[in-house]
Every structure is written in structure tokens, then in C-alpha cells.
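Following: one structure in C-alpha cells, then a few remarks.
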């Protein structure tokens with residue numbers, strides 16, 4: 001068993017284990033932290049597959065930016081005292097069974113799919129040089145469109161996040177009720 | 001020439017459009033002028049065609065009307081001898097009726113007046129289309145148009161509910177016949193794949209039809225003809241059609257609508273001459289209609305009703321002629337009948353005009369002095385319809401009776417009796433109306449006056465035509481080189497081999513007809529010279545009540561149909577279809593109510609269902625595909 | 001490494017995400033589970049990309065690069081999605097003082 005394979009198994013176990021912890025943790029903050037662990041292990045998989053650019057981007061974007069955003073939102077909401085309302089036990093069970101059977105069915109269905117290999121450690125398509133060349137030649141139009149998507153997402157987020165009260169009626173600031181997030185911070 | 005011919009129907013149509021669209025703003029004089037002028041122009045064109053002899057059997061195609069697969073129906077006119085003759089009758093008599101109408105309808109409101117002329121023009125247009133079409137489909141357009149216009153004109157005074165009912169009756173009765181016509185056309189299309197006359201009536205095509213086809217087609221066509229031409233069993237609409245203004249009755253009964261059936265059968269003579277069974281049926285129905293209507297006419301007291309039943313009776317004559325294969329005689333009688341029946345109707349209109357709308361002859365009498373022109377022309381019309389030589393009715397009726405005599409002695413006897421009855425009831429009408437003393441109110445007596453020139457002039461013209469109109473068909477018996485009409489129509493209607501009748505027999509028949517007519521007139525004269533109330537006998541009551549045919553139809557057809565309708569309404573519509581429809585609605589409603597919990601807005605349950613269905617699909621895809 | 005291993009690993013992660021969506025009511029955790037599912041797919045895409053690269057051999061040096069670019073664009077979209085989604089969640093919390101996903105059924109009114 002080569003070192004790569006050992007690494008693969010370790011990373012897989014970490015990924016699945018931390019993913020399970022994400023959905024089982026009581027407190028959302030723990031979930032976020034365990035999700036960050038999952039993302040790191042997935043980045044490790046990317047490295048194994050010699051997709052270095054994606055590994056880096058995954059850590060920066062997901063583990064860095066997105067998860068920090070989650071954490072920030074969780075901090076905004078004061079969830080310490082108010083724990084998540086318990087979901088119906090049977091519904092929980094049904095959800096677990098349904099998801100489990102989906103896994104079962106898919107694994108059973110794809111068991112004999114094919115035995116081709118995925119290249120590990122080698123191949124340089126995942127390097128930033130090659131990806132960058134492809135991105136700025138063949139895929140330059142989607143790339144630019146993606147920037148527009150970001151812009152619109154930003155505008156949308158700002159509009160949704162704006163306080164509704166200040167939009168509806170121009171109440172003097174002194175008389176305004178304290179904003180919920182202001183109270184919680 | 002082609003464009004000129006297209007103008008014949010187009011002009012009345014333009015008149016219809018102008019009068020119909022601008023009826024609110026057109027003064028009466030202009031509306032009447034447009035209405036009459038367009039028909040006059042058509043008449044002039046028709047006359048040109050007749051005089052120049054530019055008619056031919058070649059269809060003039062204007063555009064493709066229907067193109068469906070191999071079936072091509074062109075919009076084409078065919079102006080041959082038969083059509084030319086009908087064109088002259090329709091536009092000529094139609095024009096006189098238009099002129100007459102300008103005076104007769106003068107008291108109508110302005111927009112109603114223009115509406116009236118619009119309908120009249122549309123009527124003439126439809127009738128022209130009917131006779132000019134070069135195939136059955138164009139004829140059918142005209143056929144339907146005539147039915148529609150008769151409905152509009154009979155129900156012209158639509159404020160009166162009875163009149164609108166009469167219009168409805170005419171429309172429904174016509175529709176029954178139209179269905180037969182339509183089915184016959186479909187049958188022809190199915191068998192021959194064409195509807196053009198010059199293709200259908202070729203020997204090669206006729207040979208393709210089996211005996212059943214020919215009998216079926218001709219019977220269906222005849223059903224159509226009974227509807228339009230008011231034969232048993234569909235004749236009851238025509239007397240009720242008297243609800244319309246009197247000139248309309250003249251137009252419907254004399255020049256146009258009722259002759260459509262005759263025209264159609266004469267046009268299809270190639271087909272009908274091969275169908276012996278149908279011919280027998282036509283002859284019997286024609287004779288029966290003639291006799292039945294004549295007996296009813298004996299006891300009617302409404303001046304227009306008498307004339308209406310007289311029309312039915314004369315149409316019966318024509319069908320008798322068609323059944324016996326005497327197509328020329330039938331067309332001849334159409335022509336002479338158009339003259340004297342238009343004359344009689346317009347004359348009755350003049351009388352009604354004079355006595356302020358009174359139609360019951362029991363309240364007339366002694367009008368001879370007040371209405372000299374009307375009386376004289378009416379008298380000529382009565383003589384013509386009674387068949388007194390040498391007026392037009394004599395020749396045409398004689399031709400029919402001669403053919404009937406050769407065909408079947410019994411039918412001839414019926415025709416002869418009817419001829420006597422015709423003379424009797426017409427002169428009864430004449431004497432009661434014009435002789436004796438006036439029996440109306442004092443006010444009406446004061447009001448009595450001869451009609452204006454616009455009304456008397458058509459009467460005079462028609463009276464002259466009634467006198468001389470018969471000479472086109474003088475038989476060989478009288479004049480060497482007679483039978484001009486037969487020769488004229490010979491390209492369309494193949495002349496018969498000639499009737500093998502001794503000249504002595506012919507003379508006897510003529511003497512018999514004339515003798516009976518004269519005798520009937522004399523009886524009528526002595527009986528009705530001075531009017532007195534008469535107690536009707538049992539048979540008289542039967543005649544007076546029109547053989548109770550309306551009542552029979554009412555109880556045998558209308559009431560069962562109504563009952564069936566009520567039954568269907570209750571059991572099929574309400575508890576069947578309605579229940580089904582409502583049931584579907586209720587089921588969906590119930591189902592929706594039950595399914596509503598699924599649409600809970602709970603995202604979790606949506607996702608759960610989504611996952612479950614995904615599992616199901618994957619199971620189907622991976623494991624159950626084999 | 002056989003591609004099957006990656007398929008099973010991705011399936012496991014994906015199903016865990018689904019179970020999380022089905023069993024949790026905290027809208028933020030549900031949202032995180034969705035991110036987890038996206039990542040599972042990303043992983044599979046990269047594995048397939050490398051598989052195709054291996055299959056194409058030396059003749060085609062850029063074979064399979066589309067898969068990785070796809071992952072890149074998924075990340076872009078995911079980032080945009082997260083920013084808008086979190087804004088909505090904040091909005092929801094501000095209005096209902098709760099992060100229960102079932103409160104979203106108020107949208108039907």
C-alpha cells in the first residue's frame with residue numbers, strides 16, 4: 001500500500017467523519033467548524049489528484065470566505081440560549097432512512113460501473129498555468145459573466161439585508177427600535 | 001363577357017351592401033332607387049346575354065373555391081339556356097316587384113325601408129347565385145342564402161311574435177330539405193369526386209353510378225326540393241310565409257325561392273331521367289300536393305292565404321311535370337306562373353293597400369269600381385291561372401296535363417280535378433273581393449283608392465306578360481314550328497322522343513281542361529256573385545282547417561320532439577352529462593382538498609418527497625429495467 | 001486509485017448532506033449541508049477530470065481540463081449563492097426571531 005493510498009483512506013475517513021459530525025452537532029458553531037474540517041480534507045483530496053489550483057481555491061473560498069461568513073452570521077444571531085426546536089422524531093427517522101436508502105441504491109447501482117483509474121500525483125492539468133490559459137482563452141466569456149453574477153449577487157444581498165423599516169418609513173433614528181442584530185452584538 | 005356575367009349577381013349584392021350599411025342615413029327615395037336600379041341593371045345584362053345569344057354550357061371559372069386533396073371546387077358560373085331563362089324571370093319579375101315595393105312600403109320607417117330593400121337585394125343575389133353556379137356547391141350557397149333571406153323577409157316585421165314564428169317555421173322547414181340536398185352533394189362527391197355539372201352529367205360519370213346511388217341521390221335532392229318548393233310533407237311553411245310584406249310573398253312565390261327546387265331538378269334532369277322510382281314518387285307527391293293545396297284554398301278567407309295555397313298547388317303541378325319527365329313543361333310553367341302569380345300577389349297587395357291593411361275577403365267586396373286597374377289585371381291573372389286559352393297558363397298547364405295523361409291516367413285525373421278547383425277558388429276569390437257591395441267599415445270605404453302608378457305599372461306589365469307569355473311554348477298542334485321553348489332549352493334538357501298522342505286526343509284533352517275550367521268559373525260566378533255567409537259542411541271545415549296538417553305535425557312531430565327534449569333534458573342532460581361534469585369537478589375538488597396537506601410549505605417534507613422519488617427512479621432505472 | 005472509490009466517497013458525502021437537510025431544522029445547518037453536497041459533486045468532477053486525462057494519454061495534454069474549470073465555476077456560483085442565501089436567512093431571522101426552516105412556510109401566505 002503506497003503512501004498515496006494511505007493518505008487517500010485517511011482523508012476519506014476524516015471527510016466522512018467530520019461530515020457526519022456536521023449534521024449531528026447540536027450547536028451550529030460546531031457544525032461550521034466541522035464543515036471546515038471536511039473542506040480541508042476535500043482540499044487534501046484535490047492535492048492528491050494534483051489539482052493544486054482547486055485545492056487552494058477551495059481553502060480560500062470555502063474554508064476561508066464562505067465559512068467565515070457563516071460564522072459571522074451565526075454570531076449576529078444570538079443562538080446561544082435558544083437551541084434548535086426538536087424536529088419530529090419520526091420525520092427525522094424517515095429522513096435518515098430515505099437518505100440511507102438513496103445511498104444504498106446508488107452504491108448498489110454503480111457498484112459495477114467501471115474500473116478505470118483516476119490519475120494521482122501526476123498530470124499537470126490542475127496546475128494554475130494550464131487552468132489559467134484555458135480560463136482566459138476558451139472560457140473567457142463565462143468568466144466575465146461570472147463577474148456580472150457576483151455583482152448582481154452583491155447588489156441583491158445588500159438590498160435584502162437592508163433594514164425594512166428605514167425603507168418603509170423614514171423614522172428618525174433616535175426613535176427607532178434597536179435593531180435585533182445591534183442588540184445581539 | 002365573363003366580367004359582365006359576374007356583374008349580374010354582383011350588382012344586387014352591392015345594392016344590398018349599400019342599403020344595408022347606410023340604412024340609417026339613406027333617404028327612402030335613394031334606397032328604393034338603388035334597390036330597384038341594381039336589379040334593373042342585372043336584368044339589362046341578362047337581356048343582353050339572351051338577345052346576343054352569348055350563353056354557353058362552358059363554365060366560367062373565377063377562382064378556386066375549395067381545394068381539398070383531389071377535390072377541386074371552382075367558383076364558376078355557367079350561363080346556359082336554362083340559366084338565362086331563369087335569369088330573365090328572376091331579374092325581370094324581381095325588378096317589377098322592387099318598383100312596386102317602393103310604393104307599397106312607403107309608410108315604413110326610413111331605416112326599415114332601406115333594410116327591406118337590402119334584404120330584397122340579397123334575396124335576388126342569392127337566387128342569381130343559385131341559378132348561375134356551375135356546380136352544386138355554388139348552387140348550395142345560393143340555396144342557403146335564399147333560405148336565410150326568406151327568414152329575414154318573412155320576419156321583416158319582427159316586433160310581431162307570430163311573424164317571427166312564421167319566419168322560424170320557414171327556416172326550419174327549409175333546413176330539413178337543405179340537409180337532404182347537402183347529403184346528396186356529399187354522395188355525389190363521394191362517388192364521382194366532382195360537383196361541376198358538366199362533369200357530373202357526362203355519360204361516363206353517370207354510368208359509374210349504380211341504381212342505388214341514383215335513386216338515393218335523386219331522392220335526397222328531391223327532399224331538398226320539397227323543402228324549398230313547398231311540397232308535401234314540407235309545404236306548411238309557405239302559407240305561413242304570408243306574414244311578410246305582400247311584395248315579399250310575390251317574390252318568394254313567383255320569381256325566386258320556390259322555383260329553386262324546380263330549377264335544381266331541371267338542371268339535374270340527366271340524373272333524374274335515370275331514376276324511374278324517384279320520378280314516380282315525384283309525380284305522386286306533386287299530384288297529391290296539387291290536389292291537397294287546391295282543396296284547402298277553396299275555403300280560405302285570407303286573400304293571401306288563398307294565393308299561397310294556390311302557389312303550393314301550382315308547384316305541385318310543376319313537380320307532376322318533373323315526375324313525368326316533362327322538364328320543359330315544368331320550366332315553362334315556372335315562367336308563366338312567375339308572371340301570373342306575381343301579378344296576383346301584387347294585385348292582392350294593391351287591394352290590401354286600398355282597404356287599409358284588411359286581408360280578410362269577407363270584409364271586402366265591390367272593389368271593382370274603386371280599383372279598376374287592379375281589378376282588370378287581377379281578372380287577367382285569374383284567367384291565366386285558370387287556364388283559359390289563349391292566356392299563358394293555358395299552354396303550360398296543358399303541356400303538363402298532356403304529359404301526365406301519357407304517363408298515368410290516374411295522375412292526369414287528379415291534375416284535371418285540380419285544374420277545375422283552381423279555376424273555382426280563384427274566381428271565388430275574385431268575385432267575393434271585387435263584386436257585390438263593400439262590407440268593410442265606413443272609414444275604410446272612405447279611404448278606398450286606386451294604388452299609385454308605381455304599383456299599377458308593374459301590374460299592367462305583368463298582366464301583359466301573363467297574356468302573351470305562353471306563346472313561347474305554343475305546341476305544334478296550333479302553330480307550325482311551335483315548341484320554341486323546347487328547342488331553346490334542348491342543349492340543356494334533352495328533348496323527349498315526342499309524345500305519341502293522336503291529335504284528336506290532344507284536342508279532346510284541351511276541350512276537357514277548358515270545359516272544366518269554364519264550368520268551374522260559372523259555378524263560382526253564380527255562387528259568389530253576391531256574398532253571403534255560408535255554413536261550412538264537414539268537408540268544408542276540413543278544408544278550412546287545412547286538413548289539420550299543421551295540427552297533425554304539431555302532435556306527431558313537434559310535441560314528441562318536445563317531449564323527447566324534455567326527457568333528454570331531465571335524464572341525459574341533468575342527471576347524465578351534468579352529473580358527469582359536476583362529478584369531475586367535485587372529484588377534483590375533493591382530491592385537491594385531500595392533497596392539500598402535501599402542499600404544506602414545509603421545505604423538509606418537500607425535500608423528503610423529492611428524495612423518496614429519486615430513490616424510486618433510481619430503483620426503476622438500475623434494477624427494474626430488464 | 002480506481003474511480004469507484006471516488007464515486008463512493010462522493011456519494012457518501014452527498015448522502016450525508018441530504019440526510020442533514022432532511023433531519024435538521026436550523027436553516028443555517030441546512031444551508032451548510034447544501035454546501036457539503038456541492039463539494040461532494042466538486043470532488044467527483046475533479047476525479048473524473050483526472051480519469052479522462054489519464055485515459056487520453058500523452059496525445060492530448062489538456063484532456064479533462066473542462067471538469068476542473070467546471071468546479072471553478074461551481075465555486076463562483078456557490079460563493080454568490082451563499083452571499084444571497086445568508087442575506088435571506090438574516091432577513092428571516094430579523095422578521096421571525098427564529099432560524100427554524102419551517103417558518104419559511106409563511107411564504108405561502
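Read-outs throughout are calculated quantities, based only on the coordinates presented, and are distinct from any laboratory measurement. Nothing here was measured: the structure is a model prediction, and the numbers come from that model. As a convention, Cβ positions derive from the backbone with ideal geometry for all residues, glycine included, and neighbour counts pool all protein chains shown.
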*Can you tell me how much longer the chain between residue B:30 and residue B:206 gets when fully stretched, taken as 0.36 nm per residue apart minus their C-alpha distance, in nm with one decimal?*
58.3 nm
*How big is the gap, in Å, between the Cα center of the stretch B:48-94 and the Cα center of the stretch B:388-438?*
34 Å
*Would you mind computing, in nm to one decimal, how far apart the modelled labels at residue B:439 and residue A:71 are, each placed 7 Å from Cα along Cα→Cβ?*
12.2 nm
*Rounded if a/c is under 1.5, else prolate if a/b beats b/c, else oblate: with a ≥ b ≥ c from the C-alpha gyration tensor eigenvalues square-rooted, which is the stretch B:402-460?*
oblate
*Given R₀ = 30 Å, FRET efficiency for residue C:5-residue C:62 by Cβ-Cβ distance, to 0.05?*
0.75
*Taking other Cβ within 10 Å of each residue's Cβ, how do A:90, B:143 sort, fewest first?*
A:90, B:143
*asked:* Can you give me the angle between helix B:327-354 and the longest principal axis of chain B, using Cα atoms only, in degrees from 0 to 90, rounded to the nearest 10?
replied: 80 degrees
*Expressed as a whole percent, how much of the Cα-Cα distance distribution for chain C exceeds 21 Å?*
50 percent
_Counting other beta carbons within 10 Å of each residue's own, what order do A:125, B:414 fall into, fewest first?_
B:414, A:125
*Bins of 10 Å from zero: percent of alpha-carbon pairs in the protein assembly as shown*: 2, 10, 15, 14, 9, 4, 3, 6, 10, 11, 9, 5, 2, 0, 0
*Taking every pair of alpha-carbon atoms in the stretch B:329-535, give the share separated by more than 25 Å as a whole percent.*
43 percent
*Under the classification rounded if a/c is under 1.5, otherwise prolate if a/b is larger than b/c and oblate if not, where does the stretch B:136-183 fall, given a ≥ b ≥ c as square roots of the Cα gyration tensor eigenvalues?*
oblate
*Mind giving me the nanometre distance, one decimal, between the label points for residue B:484 and residue B:526, set 7 Å out from Cα along Cα→Cβ?*
4.0 nm
*asked:* Only counting other Cβ atoms within 10 Å, I'd like B:192, B:320, B:87 sorted with the fewest neighbours first.
replied: B:192, B:87, B:320
_Given R₀ = 22 Å, what would the calculated FRET efficiency be for residue B:14 paired with residue B:57, taking r from the Cβ atoms and rounding to 0.05?_
0.20
_Nearest-ten-degree value, helix B:81-104 long axis tilted from longest Cα axis of chain B_ = 80 degrees
*For residue B:112 and residue B:584, compute 0.36 nm times the residue count separating them, minus their Cα-Cα distance, and round to one decimal in nm.*
164.9 nm
*Enter the angle in degrees (range 0 to 90, nearest 10) between the Cα long axis of helix C:27-56 and the first principal axis of the Cα atoms of chain C, meaning the one along which they spread out most.*
10 degrees
_Set of the stretch B:98-119 residues, backbone N closer than 16 Å to the point 7 Å along the Cα-Cβ line of residue B:159_ = B:106-116
_Shape metrics for the stretch B:554-622, restricted to C-alpha atoms - Rg then Dmax, Å_ = 24.5, 73
_Shape category assigned to chain B from the gyration tensor of Cα positions, a/c cut at 1.5_ = prolate
_Given a Förster distance of 25 Å, report the FRET efficiency between residue C:41 and residue A:162 from their Cβ-Cβ distance, rounded to the nearest 0.05._
0.15
*Near-label residues of the stretch C:81-96 by backbone N, under 16 Å of a point 7 Å along Cα→Cβ of residue B:610*: C:81-82, C:85
*With each label point set 7 Å from Cα along the Cα-Cβ vector, what nm distance links residue B:448 and residue A:88?*
10.1 nm
*asked:* With n ≥ 4 as the cut-off for DSSP H runs, can you work out [θ] at 222 nm for chain B, using -39500 (n - 2.57) per run divided by the number of residues, rounded to the nearest 500?
replied: -23000 deg cm²/dmol
